[in-house]
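See structure below.
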Amino acid sequence: MAMMLVPFTEYFIPSHSTDEQRVRGWGYTAYIAVGLLLYLFLIADALRTIRRLEGARKTELQVWLLGGCSVAVGVMALMALRVVTGDSRYIRLQPVMILVFYIGTAVAITTHRIFDARQILLLGFQKLCLVIVVALVAITTQQLLATVLPTALSLVVTTGFALWWASVLNSWLNRFFHFYPQATAARQAAFTAAQCESRVENLETAFRAVLMGWGQADHAIVVSGTNGALSGSGIVVPEDGTVMSAIQQLQWATPERLIRERSNADRRELHRFLTDQRLGVLVTIEGPALSILVGVGVPASRRPFTYPQVTQLIELASIIESALERAHFSEKAQHAEQLATVGLLGASLAHEIRNPLVSIKTFVQLLPTHHHDPAFREKFFRLIGDEVGRIDQLTEQLLDLASPRTYSSQMVALHPLLHASLELVASKAAHRNVELLTELRADPDRAFTDASAAKQVMLNLCFNAIQAVEAHPTDQRWVKIATRNTPGGVEMAFADSGPGIDPELRPRLFHPFQTTKSTGFGLGLAICSDILANLNASITVDPPLPGCGATFRVTFPCQPSSS
């Protein structure tokens with residue numbers, strides 16, 4: 001601040017100085033000395049920083065900071081020589097030094113292909129337009145107000161109006177020149193994809209489309225993973241391989257950068273990877289639990305990617321990493337909930353399987369003494385087939401629940417699906433003295449959903465209801481499942497005679513880790529909500545009523561989502 005004020009004081013150039021006899025104060029000398037010291041400090045600091053950097057950031061420091069400071073030092077040195085020697089020719093060399101700096105900058109732009117020359121020219125032209133227009137507005141306003149207002153007040157009003165006008169005009173010029181329109185559109189598209197999709201495969205497909213649109217390329221890759229390997233887009237990259245080692249060291253790579261910089265075995269392997277995958281740029285992001293590689297093919301224009309575009313891609317990669325990490329955690333939580341459901345089914349299935357096994361055992365024991373009886377043999381073969389088929393059906397349902405799956409919605413009859421689910425929980429309900437009631441009034445009962453996923457939701461809600469009733473001391477111990485048609489869907493309600501839901505828990509009911517039970521992690525309802533969101537279905541809970549238990553309502557759509 002002091003350096004800025006010195007030139008406006010008598011200590012810099014006294015008021016009695018003339019063109020014929022120039023007089024310079026001690027502030028002039030101090031200004032040059034302090035300026036030289038500051039710029040020399042910046043040059044030394046830039047040199048130290050350059051040794052630790054490489055690639056585009058190193059080039060930026062070399063061209064902008066180091067070059068600009070060197071020119072400033074040269075200009076001040078010429079000013080000092082002018083004072084010492086009294087020769088005005090040194091001052092005339094200042095424009096030459098500035099011209100050399102701009103020529104060097106142009107060479108760096110065209111040869112290193114790091115800076116976007118078109119963007120720099122547009123930005124310079126925008127600022128020039130801004131300065132000219134605002135200056136004209138300020139001069140005109142000042143002249144008009146000076147006739148009706150005091151000088152000081154007119155200056156304040158003019159300054160405020162000029163600043164407001166500069167802000168408005170700058171915003172309009174940004175829209176007019178379309179500075180990096182691909183970046184803004186791609187960022188919005190990436191956020192939209194992250195909000196609309198929750199499965200890893202769908203997210204990767206959506207993000208690849210965003211990247212191809214941003215880079216104007218015919219292909220892109222999104223590779224993510226942990227535990228030793230990254231996979232995606234048909235590519236597997238070992239986490240401890242040379243490609244990952246090289247890209248983690250560089251953070252980003254283009255073929256031009258790898259050719260320009262010092263080469264080693266890892267970077268040559270990375271360059272071969274870019275060539276094999278036909279990539280024009282590759283970046284990496286390492287999150288708390290997930291590492292990803294994001295690459296974009298060579299643009300249709302065949303122009304290399306510039307550093308501003310690389311920074312845009314890094315920002316997009318950060319959005320992609322956050323969305324994929326959330327999707328990975330969601331899938332793991334869903335699978336954990338599936339396994340928990342399978343564990344709850346264990347006791348029920350043991351009872352269900354034991355009954356046919358006892359029948360089979362009894363007939364096998366009677367077979368040696370009754371094998372000549374045709375009626376016995378016919379009954380034996382029929383019973384064996386029926387009971388083995390029942391055991392096979394139960395185990396198939398158990399394996400279907402336990403295995404990871406992808407959702408594939410189609411038209412499904414919900415009532416048979418509900419009956420199959422109730423068969424699995426019937427033994428557990430009977431063991432807990434809980435009566436299962438049904439009131440199936442939906443006609444038709446067909447909905448557009450994934451049968452296995454819908455069954456898991458039904459089982460989870462049934463088990464929750466049974467556990468709620470079991471923990472509530474009452475003579476009426478029942479769980480009721482009812483269906484009805486709604487506009488555009490089929491509603492399935494799960495009601496119980498339990499204690500209901502704590503009002504303090506209701507706002508967080510479908511959030512993870514919200515539970516009042518002594519066992520479990522409170523993931524069941526959150527997983528159900530997530531599964532139903534993927535199926536374009538919904539789940540709600542009725543407001544609490546005195547003396548009544550909880551009622552959850554699941555609405556399945558009758559047709560595919562238009563989105």
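The values are calculated or read from the model by the stated rules, or taken from the named source; none is laboratory data. Everything numeric here is computed off the predicted structure, so don't read it as measured data. Cβ coordinates were reconstructed from backbone atoms using ideal geometry, including for glycine residues, and neighbour counts include every protein chain displayed.
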Would you please list the contacts, defined by Cβ atoms under 6 Å and residues six or more apart or on different chains, that run from a residue in segment 283-309 that is of a type in the set (S, T, N, Q) to a residue that is buried (at least 20 other Cβ atoms within 10 Å of the Cβ)?
T284/I247; T284/L293
Looking at segment 307-337 only, could you name the residues that are modelled with pLDDT under 80 and surrounded by 21 or more Cβ atoms within 10 Å (Cβ to Cβ)?
A327, Q334, E337
Residues of segment 279-303 that turn out to be more than 16 Å from G232 (Cβ to Cβ) and assigned to a strand (DSSP E or B), as a count
2
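Could you check how many residues of segment 469-491 are outside any loop (DSSP other than H, G, I, E, B) and at pLDDT 85 or above?
Residues in segment 469-491 being outside any loop (DSSP other than H, G, I, E, B) and at pLDDT 85 or above: 13 in total.
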Taking first residues from segment 208-231 that are on the phi > 0 side of the Ramachandran plot and second residues anywhere that are among the hydroxyl-bearing types (S, T, Y), the pairs with Cβ under 9 Å that are 6 or more apart or on different chains are Q216/S301; G225/S231; G225/S291
Residue in segment 457-478 that is touching a residue at least 12 places away in the same chain (Cβ under 8 Å), more than 14 Å from A429 (Cβ to Cβ) and surrounded by 21 or more Cβ atoms within 10 Å (Cβ to Cβ) present
yes
All positions within segment 202-236 that are of a type in the set (V, I, T) and surrounded by fewer than 21 Cβ atoms within 10 Å (Cβ to Cβ):
T205, T226, I235, V236
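Among the residues of segment 469-479, is any of a type outside the set (D, E), farther than 17 Å from I531 by Cβ and touching a His at 6+ places or on another chain (Cβ under 6 Å)?
no
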Residue by residue through segment 416-453, note down the ones that are within 19 Å of N536 (Cβ to Cβ) and either in contact with a Phe, Trp or Tyr (Cβ under 8 Å, 6 or more places away or on another chain) or hydrophobic (A, V, I, L, M, F, W, C) (or both).
L417, A442, A447, F448, T449, D450, A451, A453
Does T438 satisfy the condition of being of a type outside the set (D, E, K, R), surrounded by fewer than 15 Cβ atoms within 10 Å (Cβ to Cβ), out of contact with any His (no Cβ under 8 Å at 6 or more places or on another chain) and not assigned by TED's automatic domain parsing to the domain that holds L203?
yes
Can you work out which of the residues in segment 4-36 that are surrounded by fewer than 12 Cβ atoms within 10 Å (Cβ to Cβ) and part of a helix (DSSP H, G or I) is modelled with the lowest pLDDT?
M4
Any idea which residue in segment 237-250 is farthest from D276 (Cα to Cα), counting only those that are surrounded by fewer than 20 Cβ atoms within 10 Å (Cβ to Cβ) and small (G, A, S)?
S245
